[in-house]
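The following block contains the structure, expressed as structure tokens.
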Amino acid sequence: MSAYKHLGPDDQVVLKKSTGRYVKNGPWSGQLHPFHERTWRKATTITPQQYCIIQDVLTAELRVVEGPGLVFPGAYEDVISVKSKIFLEVDQYIRITNNRTGDERIVQGPTVVTPEATEVWGDIQEVVYLTAGQAVLYRNRWTGDQTLETVCSTSSQIWVPSALQEVVDVRELIYVLPHEAMVIRDVNGIMTVYNGAVAGTMEGQCQASTGNGRAFFLPAYSKILRMTWSSYRNPNEEATDDTSTTDNSTRRLSDVQPKKSLPPLAWHEDENADYLDRDIVSKRPIKDMVYEFNRHTLARRLESIYVDQVSNIVSSAPKTTVTNIDLRTQKAFFSFQVQTSDNVRLLLNGTIFWQIMDVSKMIQKTADPVNDVWFKCRSVLNAAVSTATLSVFISSFNDIVEYAFHSTQTAAFWSERGLELQSIEVTGYSPIDEETAATLQSMIRQNVQRINDLQIQETDNDVAAAALKADISLEASMYELYTQQAANNLIVSETEGAVKGGREAQVVVAYFDGLNATFDSLEDRYDLFVQHKKLEAAETDMQQLTSGNATLFFAPKDMNLYLQMPKYGVDL
């Protein structure tokens, strides 16, 4: 009875005899052959979320058993491993490869996937949503061709790759403002300028732009031209990082830089080399691993969409990275040394205002337009100042700068590079030598004193002119007053004369009418009237003489005098 055994529900015994092996699975009770070799083992319990892989030791064939349940392998089988099933959500998919045949298949969620025993898979990926602001660039691994898929080129807004397709990049919409331009280089090296102020159809867009800005997806095999320009900032402004850029994508990269140092990520060195070694990095916080993984991914993505313009320009000025070219008026500050014709060294400070007019010409002729503008203006100002003495420069430096500006504004240098020089403004100058500084201070004081004297004289002249103007105004007013008074007196005299004349005329008429019966002749009446007036006048004279209020003057003709002058013997 020693060979009588009881097997539990999860017990299994493998019996070996001369003709081969056989198994007994529990639950079971009975007597085993006493001369058969026995091997005891437990069944493998798998949950509904698991499956196990069993291998036949004779043929090396593999088979999969899905849970839930107890797995009893056969007499010549071993349980290789127990794995979790793959759970896919509605926005996920996974790529599964058969190691035996090399076939691939894509499984899209929502579903639960139980891979075959010879299948391997990578990480679970998220589907790509094709929207107005997002597209996908994928590669066909059979032909190597790259294709940009947008919402305008497909009827579905959810994109999942096929077995032979792999995602190269998920591309966001690139915006070019109305005052900006961007240069794109294709696989053949041809440069295309995307101007935000020019209407047209862009890559991956359903509608053409109207000229109030442009938006496009970066085409396949194309890259954005990234330029490195000099930056001549105002020295009075706070200095910033020399590696600062004007590209929004690069700024987003800097935003995700980790705030603490993390050890490098570990990678598999086998066929699954694109996936993280979870055993090596398992001791690191998950948030840190995802954070750094996203940072590295973003860095590789940004580097893949940019191509740097080759430049052999050597300049000590700080550099800035430019992808979106500003077509508005730009300014560059300068502070450099010039020398007058009398060998006086001065430090000029000012601002250069310039503008990009033709991006294509600029790209062909120069890799650093800011540097070209700065050095060209420096050369022109040096030439202009070198022809004037210090005193001439101080008294008319604005005219000298204006002459330098007009002498170079129409030069072929600017049109060849698609640039326009708008103005050169000198905001200040200072001597470099101490003796020159003392001389300059003396000249400045003299000029200031002269200006003050001129202002005082101008003030006195203004006061005198105002007084003279007031006198002239007063005389003009008095002239108008006297003229008006004379006119009024004339009117009064004329009125009084007319009244008095009317009365006299009435008297004369009445007098003549009264003599009509006595004298028939008008002349007789007139003579009588004249005699009457003479008598009235004589009577008036006598009254005035007798009253003592008058003085009597006699003329020779009235007295009828005769004078005899004996001395001369002449009678007068």
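The values are calculated or read from the model by the stated rules, or taken from the named source; none is laboratory data. Quick caveat, the model's predicted, so the values are computed rather than measured. As a convention, Cβ positions derive from the backbone with ideal geometry for all residues, glycine included, and neighbour counts pool all protein chains shown. For the accessible areas, the whole protein counts, side chains as well, though only heavy atoms, and no ligand, DNA or RNA atoms are used. Shrake-Rupley method; radii C 1.70, N 1.55, O 1.52, S 1.80 Å.
Probe of 1.4 angstrom, ligands and nucleic acids ignored: what's the accessible area per residue over the range 302-363, in square angstrom? Please report the intermediate quantities before stating the final value.
Working: 2850 Å² over 62 residues.
On a per-residue basis, 46 Å².
Another one. What's the carbon and sulfur percent of the range 421-508's accessible surface, probe 1.4 angstrom, rounded to a whole number? Don't skip to the end; give the middle numbers.
Details: 3970 of 6900 Å².
The value for the range 421-508 is 58 percent carbon and sulfur by accessible area.
Also, I was wondering about something else. Search the structure for amide H atoms under 5 Å from the amide H of Tyr221, placed 1.01 Å from N in the peptide plane, and list their residues when 5 or more places away or on another chain.
none
Using every alpha carbon pair in the range 1-128, what percent of pairs falls into each 10 Å bin from 0 up to the bin containing the largest distance?
Computed distribution, short to long bins: 12, 32, 26, 16, 9, 4, 0.
Still on this structure: For His406 and Ser477, what does the FRET efficiency come to when R0 = 45 Å and r is the distance between their Cβ atoms, rounded to the nearest 0.05? Each step should come with its number before you reach the end.
Working: r = 52 Å, r/R0 = 1.16.
Result of the calculation: an efficiency of 0.30.
Go through Lys16/Lys42; Lys223/Lys331; Lys5/Lys42 and tell me which ones have a Cα-Cα distance over 19 Å in this structure.
Lys223/Lys331
What full-extension length gain, to one decimal in nm, is calculated for Lys17 and Ala505 as 0.36 nm per residue of separation minus the Cα-Cα distance?
Value of the extension gain: 157.3 nm.
Express the carbon and sulfur contribution to the solvent-accessible surface of the range 98-204 as a percent, rounded to the nearest whole number, probe 1.4 angstrom. Could the numbers behind the result be given before it?
Working: 2700 of 5690 Å².
It is 47 percent, rounded to a whole number.
Also, I was wondering about something else. What is the distance, in nm, between label points placed 7 Å from the Cα along the Cα-to-Cβ direction at Val314 and at Ala383?
Taking the simple label geometry, Val314 and Ala383 are separated by 2.5 nm.
Evaluate 2.2 N^0.38 Å with N set to the residue count of the range 406-546, then give the Cα radius of gyration divided by it. Write out the running numbers ahead of the final one.
On the way: Rg = 44.7 Å, N = 141, 2.2 N^0.38 = 14.4 Å.
This ratio for the range 406-546 stands at 3.10.
Taking the Cα centre of the range 404-542 as origin, sum charge times position over the Cβ atoms of Lys and Arg (+1) and Asp and Glu (-1), and report the length of that vector in debye to the nearest 20.
Numbers: 9 positive and 24 negative charges, 45 e Å.
The dipole magnitude comes to about 220 debye.
How large is log10 of I(q)/I(0) for the range 303-396 at q = 0.10, 0.26 Å⁻¹ when the intensity is taken from the Debye formula with one equal scatterer per alpha-carbon?
-0.38, -1.45
Which one of Val193, Thr150, Ser162 is farthest out on the positive end of the charge dipole of the range 89-200, using unit charges on Cβ (Lys, Arg +1; Asp, Glu -1) and the Cα centre as origin?
Working it through, the farthest residue towards the positive pole turns out to be Val193.
Magnitude of the Cβ-charge dipole of the range 17-83, K/R +1 and D/E -1, about the Cα centre, nearest 20 debye?
On the way: 8 positive and 6 negative charges, 51 e Å.
For this selection, approximately 240 debye.
Residues of the range 382-404 with the amide nitrogen closer than 19 Å to a label point 7 Å from the Cα of Ala438, along Cα-to-Cβ, please.
Only 390-391 pass the distance filter.
For the range 1-160, what is the accessible area per residue in Å², given a 1.4 Å probe and the full set of protein chains?
In whole numbers, the range 1-160 has 57 Å² accessible per residue.
Please name whichever of Ile106, Val120, Leu137 sits farthest to the positive end of the charge dipole of the range 90-141, dipole taken about the Cα centre and charges placed at Cβ: Lys and Arg +1, Asp and Glu -1.
The Cα lying farthest towards the positive end belongs to Leu137.
Same structure, new question: Packing-wise, with mean Cβ within 10 Å as the measure, how do 34-45, 533-544, 49-60 rank, highest first? Walk me through the numbers before you get to the answer.
Values: 34-45: 13.0, 533-544: 10.8, 49-60: 15.0.
Top to bottom by mean Cβ count within 10 Å: 49-60, 34-45, 533-544.
If you don't mind, there's one more thing I want to ask. With the Cα gyration tensor of the range 77-169 giving a ≥ b ≥ c as the square roots of its eigenvalues, does the rule (a/c under 1.5 for rounded; else a/b larger than b/c for prolate; else oblate) give rounded, prolate or oblate?
Judged from the Cα gyration tensor, the range 77-169 comes out oblate (a/c at least 1.5, b/c at or above a/b).
First select every other residue whose beta carbon is under 12 angstrom from the beta carbon of Thr47; then total the charges, Lys and Arg +1, Asp and Glu -1.
+1
Could I get the Rg over Rh figure for the range 428-467? Both from C-alpha atoms, Rh via Kirkwood, rounded to two places.
Taking Rg over the Kirkwood Rh, I get 1.31.
Heavy-atom accessible area per residue, the range 448-547, 1.4 Å probe: how many Å²?
Result: 83 Å² per residue.
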